[in-house]
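Reviewing the structure listed below.
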Amino acid sequence: MSLPTAYIGLNHIDIETIGQIANMKCKIALSDDDCFVNKITKGPQLIKQLLAEGRVIYGVTTGLGASCETVVEAELMQQYPNNVIQYHGSALGPLFSPEETRAIIAARLVSLAKGNSGVRMELLQALACLLQHDILPRIPQEGSVGASGDLSHLSYIGAVICGFRTVNYLGKVMKTSEVLEIVGAKPIVLEYKEALGIINGTSAMTGVAILAWQRAQRLSQLATRVTALAITALKGNRYHYEKELFEVKNHKGMQLVAERIRSDLSISAPEYHTNERIQDRYSTRCAPHVIGVLEDVLSFTKGVIETELNSTNDNPVIDVNVGRVYHGGMFYGGHIAMAMDTLKVQVASVADLLDRQMAILVNTNYNNGLPADLTGATGSRKAINHGLKGLQVTMSGWTAEALKMCMPATVFSRSTESHNQDKVSMGTIAARDCRRVIELTEQVVAGMLIAVRQALDLRLKQGEAIKFTDDIFLEPILRKLIESINEMPHSIY
């Protein structure tokens, strides 16, 4: 089956498209729209015109950062962009994953394609070539303060399109020059503002944020269904989630989670509870109010991330419509930093919710007739079988680590680069922290899947009738949940 093609140009690109590119579920191509081609063509032409007029352009005729008063002589301008790319390549740490690397490249391409960065079509084609042939720069994760953008991380992409460094290609680490020759591409020679166009932006944090957002969206759905299974296993009050109740408080995310739980519990019409405990503990009764906050944050942060993705986020900005160059701070990653710091807190809160549900499931004081630690052992073997006791302790550790990481990265702004970058966003650190919180919470969800599966099996052995959704048997639901932890697309509802 042929893959769909995402066309990159002046058009809006959404999170889902970048996710598809990152996971190699769609091809990419540059738009052939005349307005796009003309705008890209005019950018470098305007820079040349302004230079001929003797204008000062930051990063072209001047040094960088605190060195902006230094004059770059005309005879050095040709080699200047290459020097900018090379000296920024000082990041360390583990490499970004292949998916994250594709997302970062795609995010940079989308931004530069807006036509406000003064780069040539050849540069955009070189970035597109990396994605089209899956040539992945080896980008270390550590070393960005989030302003002036992701300088060090993005310099590795710039180096690769110029033919330097090494890349991952077809499962091997190879010299970039060799790989470009294999695919029939040529290294480009950067001109004027093109080095800044590549490195002076928020695309590393944005690429990581996009994939983190998608995982958090999936986690919200998984946590909701696991919660419904926990309610079933605990013989909880199914009427804490009635539609009429949730109409009195108009938070959309909360209402959506309640609707999903209501559907899973096969509650289609108001009824009076009969045998149920009148009020369950907060970790189940208030689950829509916890997971629902995550849903609302997902809705809000999606808009923030997509706005950043579709923005021009480098400096200076080249306005071909009026023939001006604007010097500012569009590279500042504050919005992505805020989105990631906010998202990770709500993801960790969901981990905490599920950890509390686990505590109830294994405790005979609260689990409504299930054996201690959900052990299935009987007779004398009960003395040596501790069921899921170890899993509960492990889940508590994962949850604690997730909660520990909820300190906002943005509060650790550091003055750097001779006090020119004296207030920075820490957006890339925020995105990486959010990703780690999500990883830990995914582990908590996996632990809860084991627990609810065991609890429901024990209920069946006790002769209980399991009522869960009108049209799907329990075993396929559990199987689908387990598969969906590592699958795209994210929706399980």
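The values are calculated or read from the model by the stated rules, or taken from the named source; none is laboratory data. Here the structure is a predicted model, which is why all the values come from computation and not from measurement. Cβ sites come from the backbone with ideal geometry, for glycine too, and all protein chains shown count toward neighbours. Side chains are part of the model used for accessible areas, which takes the heavy atoms of the whole protein and leaves out ligands, DNA and RNA. Shrake-Rupley method; radii C 1.70, N 1.55, O 1.52, S 1.80 Å.
Just a few scattered comments:
- The residues of the stretch 50-64 that are on the phi > 0 side of the Ramachandran plot and in contact with a helix residue (DSSP H, G or I) (Cβ under 7 Å, 6 or more places away or on another chain) amount to a single one, Gly59.
Quick grid of which residues meet (1) among the charged types (D, E, K, R); (2) touching a residue at least 40 places away in the same chain (Cβ under 8 Å); (3) more than 13 Å from Ile198 (Cα to Cα):
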site: Glu73; (1), (2), (3): yes, no, yes
site: Ile85; (1), (2), (3): no, yes, no
site: Ser90; (1), (2), (3): no, yes, yes
site: Gly93; (1), (2), (3): no, yes, yes
site: Ile105; (1), (2), (3): no, yes, no
site: Arg108; (1), (2), (3): yes, yes, no
site: Ala113; (1), (2), (3): no, yes, no
site: Val119; (1), (2), (3): no, yes, no
site: Ala126; (1), (2), (3): no, yes, no
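- Within the stretch 197-212, the residues that satisfy the criterion of being part of a helix (DSSP H, G or I) and open to solvent by less than 10 Å² (accessible area, probe 1.4 Å) are Gly197, Ile198, Ile199, Ser203, Ala204, Met205, Thr206, Gly207, Val208, Ala209, Ile210, Ala212.
- When residues of the stretch 151-174 are limited to those that are in contact (Cβ under 8 Å) with a residue 40 or more places away in the chain and open to solvent by 40 Å² or more (accessible area, probe 1.4 Å), the one farthest from the chain's Cα centre (by Cα): Phe164
- Note on the stretch 309-329: residues that are open to solvent by 20 Å² or more (accessible area, probe 1.4 Å) and touching a residue at least 24 places away in the same chain (Cβ under 8 Å) total 10.
- Test for Leu388: is it farther than 16 Å from Leu440 by Cβ, touching an Asp or Glu at 6+ places or on another chain (Cβ under 8 Å), open to solvent by less than 30 Å² (accessible area, probe 1.4 Å) and of a type in the set (A, V, I, L, M, F, W, C): yes
- The one condition in (1) without any contact (Cβ under 8 Å) to a residue 40 or more places away in the chain; (2) among the hydroxyl-bearing types (Ser, Thr, Tyr); (3) closer than 27 Å to Asp134 by Cβ; (4) open to solvent by less than 40 Å² (accessible area, probe 1.4 Å) that Ser177 fails to fulfil: (4)
- Just one residue in the set Glu442, Glu401 is touching a residue at least 40 places away in the same chain (Cβ under 8 Å) and acidic (Asp, Glu); that residue is Glu442.
- The set of residues in the stretch 9-25 being over 20 Å from the mean Cα position of the chain (by Cα) and in contact (Cβ under 8 Å) with a residue 60 or more places away in the chain consists of Gly9, Leu10.
- Matching option when the condition is within 27 Å of His12 (Cβ to Cβ), more than 24 Å from the chain's Cα centre (by Cα) and polar (S, T, N, Q), among Ser144, Ser148, Ser117, Ser177: Ser117
- Candidate set: the stretch 208-223, residues that are of a type outside the set (A, V, I, L, M) and out of contact with any Leu (no Cβ under 9 Å at 6 or more places or on another chain); chosen: the one farthest from Asp341 (Cα to Cα): Gln221
- The stretch 341-366 residues that are farther than 17 Å from Arg277 by Cβ and touching a residue at least 40 places away in the same chain (Cβ under 8 Å), paired with ones that are of a type outside the set (S, T, N, Q) and open to solvent by 50 Å² or more (accessible area, probe 1.4 Å) (beta carbon under 6 Å, 6 or more apart): Gln346/Val293; Ala348/Leu403
- If you go through the stretch 436-487 and keep only what is open to solvent by less than 50 Å² (accessible area, probe 1.4 Å), at pLDDT 85 or above and in contact with a Phe, Trp or Tyr (Cβ under 7 Å, 6 or more places away or on another chain), you end up with Leu440, Val444.
- Failed condition for Ile28, given (1) in contact (Cβ under 8 Å) with a residue 12 or more places away in the chain; (2) surrounded by fewer than 15 Cβ atoms within 10 Å (Cβ to Cβ); (3) not small (Gly, Ala, Ser): (2)
- Enumeration of residues in the stretch 162-196 that are in a helix (DSSP H, G or I) and more than 22 Å from Val317 (Cβ to Cβ): Thr176, Ser177, Glu178, Val179, Leu180, Glu181, Ile182, Val183
- Where Gly303 falls short, out of the listed (1) within 18 Å of Ala209 (Cβ to Cβ); (2) in contact (Cβ under 8 Å) with a residue 12 or more places away in the chain: (2)
- When residues in the stretch 134-163 are screened for being small (Gly, Ala, Ser) and either within 20 Å of Met24 (Cβ to Cβ) or touching a helix residue (DSSP H, G or I) at 6+ places or on another chain (Cβ under 6 Å) (or both), 7 of them pass.
- The residue pairs whose first member lies in the stretch 242-256 and is over 13 Å from Gly292 (Cβ atoms), whose second member is open to solvent by 40 Å² or more (accessible area, probe 1.4 Å) and at pLDDT below 95, and whose beta carbons are closer than 7 Å, counting only pairs six or more residues apart or on different chains, are Glu242/Pro270; Glu244/Pro270.
- Of the residues Thr284, Thr312, Thr307, Thr232, the single one that is at pLDDT 95 or above and more than 30 Å from Gly59 (Cα to Cα) is Thr284.
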